[in-house]
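Reviewing the structure listed below.
Read-outs throughout are calculated quantities, based only on the coordinates presented, and are distinct from any laboratory measurement. Not measured: the values here are computed from a predicted model. Please note: Cβ atoms are built from the backbone with ideal geometry, for glycine as well, and neighbour counts cover all protein chains shown.
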Protein chains: 2
Amino acid sequence: MLKIGIIGVGTVGQSVCQILEQNKDIITARAGVELKAISGVVNNLSKKRDVSISLSDDVDTILDDDSIDIVVELMGGVEKPYEVVKKALQKGKAVVTANKALLAYHRYELQEIAGETPFEFEAAVAGGIPIITALREGLGANHILSIKGIINGTCNYMLDKMINENIPYDVILKEAQELGYAEADPTFDVGGFDAAHKLLILASLAYGIDAKPEDILIEGIENITSEDIEFAKEFNYALKLLGIAKTRDDMVELRVHPVLIPNSEMIAKVDGVMNGVSVIGDKVGETLYYGAGAGGDATASAVVANLIDIARKGKGSPMLGFKKPLEVGLKLAPKGDIQTKYYLRLQVEDKAGVLSKLTTILGEKNISIQNMVQKPCDDTSAILLLSTHICNEKDIKDALDIFETQHIVLSKPAMIRIEE
Amino acid sequence: MLKIGIIGVGTVGQSVCQILEQNKDIITARAGVELKAISGVVNNLSKKRDVSISLSDDVDTILDDDSIDIVVELMGGVEKPYEVVKKALQKGKAVVTANKALLAYHRYELQEIAGETPFEFEAAVAGGIPIITALREGLGANHILSIKGIINGTCNYMLDKMINENIPYDVILKEAQELGYAEADPTFDVGGFDAAHKLLILASLAYGIDAKPEDILIEGIENITSEDIEFAKEFNYALKLLGIAKTRDDMVELRVHPVLIPNSEMIAKVDGVMNGVSVIGDKVGETLYYGAGAGGDATASAVVANLIDIARKGKGSPMLGFKKPLEVGLKLAPKGDIQTKYYLRLQVEDKAGVLSKLTTILGEKNISIQNMVQKPCDDTSAILLLSTHICNEKDIKDALDIFETQHIVLSKPAMIRIEE
């Protein structure tokens, strides 16, 4: 029997306990030994929890208990769990965590500290989808050319409703909060930070690259308007918040932002709160992984899968997928150094010569237009929606800056990137 | 360095050699050691091959070479590769195979023979998609409720063209053969046998169930007509050849046949030659895996992933996913014992009272109708297309038998199962 201590017995922790009991037959058959949750640590002992393990409010009851083989860390936060996990590893206890923030900041230190002690984190990205295993084991033969992940269910749910049911941002945010999909302070989700944490973990597995959240471009879905939604529909795009990793020459672009994707792509079909990750390998081509990215049982399914792994084979694969560094690794592209297609939205004066003026500015910046729609706005102004061919983000930003100085441009121009 | 011998150096074998050379940097970093293809065995030495390894036409040059650590079996067939793989394992060599037919018949004997020697087969199901790893590692915490797999790209390509471009079966079969998607004798693909082999492997990982191809229902796509296609379109279904595993009480239904699936389901969106596998676990809900199911590089990507796995951790997980049998395992449901929804197509006399007669027969067999369309066929007959609610296949078969005895039914009725 392997004994398990759970630090943080909230929704996911309770699901872990329940799965270990309810599915004991199949888990024991697969693992070869029984996996038993023994004790848990919580902040507030007076809160009622649906588990039969012994509870304490002191992490040392687990860390100092030599009979505990595996620590499951589900506390949330960064620095406190880091200290706890570090201590557990130093005591030779295997660790399983679902904590993406912890890994976004400390994954390489933890790999170092863990050494030959198992440290697993399947639940940290895309909940129940075994994307860590897929990247680390299944696609190991490939240079990864790109990862495009819908890895925040809250944003995907909101965008889905905005685009398919024409519900405005504020209304759908309130609904998502009422349904429990979004927190009271939704910034972490809608601002793209949650997705960024997960993207950084995937980037380590794909490229062995050690980047932190502050090193990469992170933009949320807060500024999407109904005009953007209309443009997406008109040109047959889906609108998604994507975590993107993409190689270019000897660099990797890492970025999180709203993206227009052609509806024909498989990832465009990932709707509602579901998650989906498309990975393109140089040999395998595109593979895609789809499933529930959150929820107690789905997340706990991944935690328990890691417990079974540890029971079966101990250390298994290297934590972050590389036994040794690449001789010639890829560099992280500077934050703003992006090449892609762009969608632009401009409110302009509705009179002769305006279009020629604007296209001249774009042309001087080597930006060529792929599609354009003009719609009347009011008596004197029009909305111009256009998409570009691939160009440099710097050129787009420069063009937008110039637009802002033109009196014919009546409000701040908007931009969304297109990936196709 | 781990030395690899490849038995069968066709398209996939050559891709394995190329990947090991071209992606040596990332493979070595991930595996921790260099993986080097040393020698290969082929039937016909005079055929030109694009590899730099030494070639022989005698399997013993690899089996008797003590310096070879891992044998990659890519011969095809069943009994001959079984003997070769057995001998390799007995000599303590790790084995990686892409041979689904071998595993459909001998996977449990091979697991026994392998013992603690690594034996891996990621490439045997759905080519480059890491579905073996997903089921064996990623979803280990779950009782698997169902697997629905588009695991034959040839059939999916053909059905896609039939439904989206109205190309008749014979024409698209010929085109698939010219494109190299279908063999000169296409029975193995279009008859569902290839998909059945793969389904049996997935069923072992999910349920620990030892079934052979002859134990399960296998129907191909040969009898699909344009009327079936029209019904699918009219009621917003996709038409796919699925490998299905599904639990019911203490039984598992295993079956391969054409299926109508609601277009809204994610797996309905797997088009062209692509493969996709939907797995529903009792805890994780639905997950789906999508990618290239065939082709040299995609298949070799999975073979090389297994080589990396073996280099990293030796045996790793138990070959078929279970360290010991389930105490109370699931039984294989008898071949014809199926419960699902059905679509029926009948050519009937176009006169009063016919509909009432037919619905009475269905009612007596406890079959209730969900949708019905009647279309004129010629001056005296009509085509009746209908779908049922969930019922027993035995009742459907009985009703169809009774229909055939009725003079008002003018030709043999057709039936396609619906999964939703």
Item to check | Cα-Cα pairs of the stretch B:339-418 separated by more than 15 Å (percent) | outcome: 50 percent
Checklist entry - Based solely on its DSSP helices, what 222 nm [θ] is calculated for chain B when runs of n ≥ 4 H residues each add -39,500 (n - 2.57) and the sum is averaged over all residues, nearest 500 deg cm²/dmol? => result -10500 deg cm²/dmol
Checklist entry - If you place +1 on the Cβ of every Lys and Arg and -1 on the Cβ of every Asp and Glu, how big does the dipole about the Cα centre of the protein assembly as shown come out, in debye to the nearest 20? => result 1200 debye
Checklist entry - Separation of the stretch B:365-382 and the stretch B:222-284 by C-alpha centroid, Å? => result 23 Å
Checklist entry - Toward the positive end of the charge dipole of chain B, about the Cα centre and with charges on Cβ (Lys, Arg +1; Asp, Glu -1), which of B:LEU330, B:ALA203, B:ALA31 goes farthest? => result B:ALA31
Checklist entry - What is the Å³ per residue value for the convex hull set by the Cα atoms of the protein assembly as shown? => result 193 Å³
Checklist outcome for this item: The number of Lys pairs in the stretch A:339-418 whose alpha carbons lie under 22 Å apart, excluding pairs fewer than 8 residues apart on one chain, is 19
Checklist entry - Where does the stretch B:148-292 land on the Kirkwood hydrodynamic radius, alpha-carbon pairs, in angstrom? => result 15.5 Å
Checklist outcome for this item: Taking every other residue with Cβ under 10 Å from the Cβ of B:CYS391 and scoring Lys and Arg +1, Asp and Glu -1, one gets +1
Checklist entry - If amide H atoms are built 1.01 Å from N in the plane of the peptide, which residues on other chains or at least 5 residues away come under 5 Å of the amide H of A:SER56? => result A:GLY40, A:VAL41, A:VAL42
Item to check | Length added when fully stretched, A:LYS48-A:ASP398, from 0.36 nm per residue minus Cα-Cα | outcome: 120.3 nm
Next on the checklist: Given Cβ point charges of +1 (Lys, Arg) and -1 (Asp, Glu) and nothing else, what value in debye, to the nearest 20, does the dipole of chain B about its Cα centre take?
Outcome noted: 920 debye
Item to check | Ellipsoid equivalent to the stretch A:293-397 - semi-axes via the Cα gyration tensor, in Å | outcome: 51, 22, 8
Checklist outcome for this item: Dipole check, the protein assembly as shown, charges on Cβ (K,R +1; D,E -1), about Cα centroid: among A:ILE151, A:LEU55, B:ALA141 the Cα furthest to the positive pole belongs to A:LEU55
Checklist entry - Charges only on Cβ, +1 for Lys and Arg, -1 for Asp and Glu: so what's the dipole of the stretch B:339-418 about the Cα centre, in debye to the nearest 20? => result 260 debye
Checklist entry - So for the protein assembly as shown: antiparallel DSSP bridges make up what percent, rounded to the nearest 5? => result 70 percent
Next on the checklist: Distance between the C-alpha centers of the stretch B:340-357 and the stretch B:1-56? Whole Å please.
Outcome noted: 59 Å
Checklist outcome for this item: Net charge (Lys, Arg +1; Asp, Glu -1) of residues whose beta-carbon lies under 13 Å from that of A:VAL84, A:VAL84 excluded, is -1
Item to check | Net charge over other residues, Cβ less than 15 angstrom from the Cβ of A:MET415 (K, R count +1; D, E count -1) | outcome: -2
Checklist outcome for this item: Of the candidates A:ILE367, A:ILE418, A:ALA399, the farthest towards the positive dipole end of the stretch A:339-418 (Lys/Arg Cβ +1, Asp/Glu Cβ -1, centred on the Cα centre) is A:ILE418
Next on the checklist: I need to check one value: relative contact order of chain B, counting alpha carbon pairs closer than 8 Å and at least 6 residues apart, in percent.
Outcome noted: 17 percent
Checklist outcome for this item: Computed over chain B, the Cα gyration tensor eigenvalues, each multiplied by 5 and square-rooted, give semi-axes in Å (largest first) of 45, 23, 17
Checklist outcome for this item: Relative contact order as a percentage, the stretch B:339-418, C-alpha pairs under 8 Å and 6+ apart, gives 49 percent
